[in-house]
Structures are given as structure tokens and as C-alpha cells.
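Shown next, in C-alpha cells, is the structure this report addresses.
Please treat every number below as a calculation from the coordinates, not as lab data. Small disclaimer: the values here were computed from a predicted structure and weren't measured. Heads up, the Cβs are rebuilt from the backbone with ideal geometry, glycines too, and the neighbour counts pull from every protein chain shown.
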Amino acid sequence: MKNILVIALGGSLGALSRYYLSKMITDYSGGTFPWGTLMVNLIGALLIGFLYGLFDRIIIPIEFRVFITIGFIGAFTTFSTFALESVNLLRDGEIKLGLSNIIINNGASIICVLLGFYIAGLIMRK
């Protein structure tokens, strides 16, 4: 029961953070391409890579791991939104934008996870 409450709290904070950050970026960037979703996904990928890199080296209470990874980051990243936006771009005939969205989100997210691991390793060596 404790983990469920921790996940729910993290999830609510992650969802609210996603909404406000994505909206702020989208409002700023304008246009058709879903920059807000892309940035949220990349930040989430970087953050989870960084945290898992730290979790490999330092002892973190399981409640915090569950709160931040399953709850916060799980709700913060927007894979379902990304998928819908990609399908909508393709359906609307924006083939280049749709394919770009798919390639950039997936490729850059993997790079961000690796970068997060690398940054955590650098910090832990100091």
C-alpha cells in the first residue's frame, strides 16, 4: 500500500510538471511540430538515465526510487502523447514532420539515457 501512495504522489507531480513544461515550450515555440512533448521526453530520458546511474553507485531508499522513476518520471514522460502526435502528423499529411518526430524522440531519448548514465558516473568519480 505504501508504494501505491508513493507512486500516486510522484505520478501526480510528474503529470502536472509535464503539462506545464510542455505547454510552456509549445506556447513559446509555436508551429506544428510538438516541441513540448519532445523536450519533456528528452528531459525524462536524461533524468532516468542519470538517476539509474546514481542508483547503481549509492544506496537510495526503495520508496524514493519508486516515487521518482515509476511515479514522477513515468507520468512526466509522454510516450502516449508522442505516439498520438506522430500519428496525427502522418494522418494530416505532414510526413516529414511525423517521421522526424518518431526518429528524434526515439533516437535522442536513448542518447539522453546514455548521457544521464555518463553524467552520474562523472559525478560519482569526484
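Worth a mention:
- Sparsely packed loop sites in the range 26-120 (the trypsin sites (Lys or Arg not before Pro) outside DSSP H, G, I, E and B with at most 14 other Cβ atoms within 10 Å) comprise Arg57.
- Rounded to the nearest Hz, the phi-derived 3J(HN,Hα) couplings of the range 56-63 under the Karplus curve 6.51 cos²θ - 1.76 cosθ + 1.60 (θ = phi - 60°) are 6, 10, 10, 7, 10, x, 4, 4, where x marks glycine and proline.
- Just so you know, the Rg over Rh for the chain is 1.04, from Cα atoms, with Rh as the Kirkwood radius.
- Per-residue ellipticity at 222 nm from helix content only, as computed over the chain with -39500 (n - 2.57) for each DSSP H run of at least four residues, stands at -26500 deg cm²/dmol.
- Selected from Val113, Val66, Val40 as most flexible by GNM, with the chain as the system and alpha-carbon contacts under 10 Å: Val66
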